[in-house]
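No value in this document is a laboratory result; all are computed from the given coordinates. Just so you know, these numbers come straight off a predicted model, no measurement behind them. Every residue, glycine as well, gets a Cβ built from its backbone with ideal geometry; the counts of neighbours run over all protein chains shown.
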Amino acid sequence: MIESLHSPHVARVKALIGSKGAKERREQGLFIAEGAQCAREALTSNSGPQIKILYATENGLSKISELDFNAVDVVEVSEPVMKAMSDTVSPQGLISLCYKPEANFTQLEVTGSSTFIYLHEIQDPGNAGTILRTADAMGMSAIITSPDSVDMYSPKVVRSTAGSLWHIPIFEGISFDRVDKQFSDIQKFLLSSHVRTSILDLKIPGDCIAIFGNEARGVDASALGGSVTEVTIPMAGRAESLNLSAAASIVMFTLSSKVAG
């Protein structure tokens, strides 16, 4: 059991969640997932990120005692060490050091009813995680992010996904030009508050890509090219606008209904 706060294990975990965590995660190909839910998903999922080391307190292991973690390198730590490693106020006693998946965008294929979500320069980790979680719930096919978007493997994003990170493929740092070239024949639409075409009236005969812009600036449709159709969410109430993740959730629910129909 690790009891020293000066252990190299502590330093390694803190480097991955610290202020320079994005660089460390990129260079090491690793990220941190805290909590019992993430540990369960990592231990039971046949796809998605795999665990390199599971750091756990005795109490933490009791929370996943029904699972088989014999094939995983389990490193027991004391409660003070767990607290030092944790990025949360109240640690659950489980920290998974996971490999970042090596996602190859060129291998992403359409099925005839694929629905991809493209996040253009999204900055808020909570929004990104909630969108990914909703995409999982609504049966979306993949999440694609642009350069300069939030790191989808940052601690706050990972926590916000509540385990959905293991259910849906993620492709990071992909320019829209590249998306447009690879999927030139797919219907692409952008959520906007400046048009009258309702998402409810959108016809989706096959595969599609839904684009969501930056929380503050949005995204200029003209900068994306002529292949993009702008749509809006009709609102009967008096709210001026919706939070990005709330708006994205409505769009994804609408898409799932159209695909199912």
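For Ser47, put the label point 7 Å out on the Cα→Cβ axis and report which residues of segment 155-171 keep their amide N under 15 Å from it.
164-171
Considering only DSSP beta bridges with both partners in the chain, what is the antiparallel share in %, to the nearest 5? Before the final figure, lay out the partial values.
On the way: 11 of 36 bridges.
The antiparallel fraction comes to roughly 30 percent.
If the reach is capped at under 22 angstrom between alpha carbons, list the lysines near Lys63, excluding any in the same chain fewer than eight residues apart.
Lys52, Lys83, Lys156
Connecting C-alpha atoms closer than 10 Å in a GNM of the chain, tell me which of Met85, Met152, Met235 has the biggest fluctuation.
It is Met235.
Give a quick list of trypsin sites (Lys or Arg not before Pro) in segment 207-261 that DSSP marks as loop, anything other than H, G, I, E or B, with at most 10 other Cβ atoms within 10 Å. Please list the in-between numbers first.
On the way: sites: Arg217, Arg238, Lys258; in loops: Arg217, Arg238.
Filter output for segment 207-261: Arg217, Arg238.
Along its three principal axes, how long is the chain when you only count alpha carbons? Whole Å, largest extent first please.
61, 36, 33
Under a point spin-label approximation (7 Å from Cα along Cα-to-Cβ), what is the Gln107-Ser62 distance to one decimal in nm?
In this crude label model, Gln107 to Ser62 measures out at 4.2 nm.
Given the Cα-Cα distance of Asp201 and Ile250 and 0.36 nm per residue of separation, how much length would full extension add, in nm? Spell out each step's value before the answer.
Details: separation 49, 0.36 × 49 = 17.64 nm, distance 1.40 nm.
Answer, rounded to one decimal: 16.2 nm.
Could you please rank Tyr99, Tyr118, placing first whichever residue has the fewest other Cβ atoms within 10 Å of its Cβ? Mind showing how you got there, number by number?
Working: Tyr99 14, Tyr118 25.
Lowest to highest Cβ neighbour count: Tyr99, Tyr118.
Once you place label points 7 Å from the Cα toward the Cβ at Asp177 and Ser90, how far apart are they in nm?
Distance between label points: 4.9 nm.
Rank the residues Glu41, Glu109, Glu34, Glu230 as a footprinting-exposure proxy: fewest other Cβ atoms within 10 Å of their Cβ go first.
Taking fewest neighbouring Cβ atoms as first place, the list is Glu109, Glu230, Glu41, Glu34.
Mind giving me the nanometre distance, one decimal, between the label points for Ala216 and Tyr99, set 7 Å out from Cα along Cα→Cβ?
Between Ala216 and Tyr99, the label points sit 3.9 nm apart.
Order of Lys23, Lys63 from fewest to most other C-beta atoms within 10 Å? The partial results should precede the final answer.
Numbers: Lys23 13, Lys63 18.
Exposure proxy ranking, most exposed first: Lys23, Lys63.
Would you list, by chain and number, the lysines whose Cα falls below 21 Å from the Cα of Lys188, excluding same-chain residues fewer than 8 positions away?
Lys188 reaches Lys203, Lys258.
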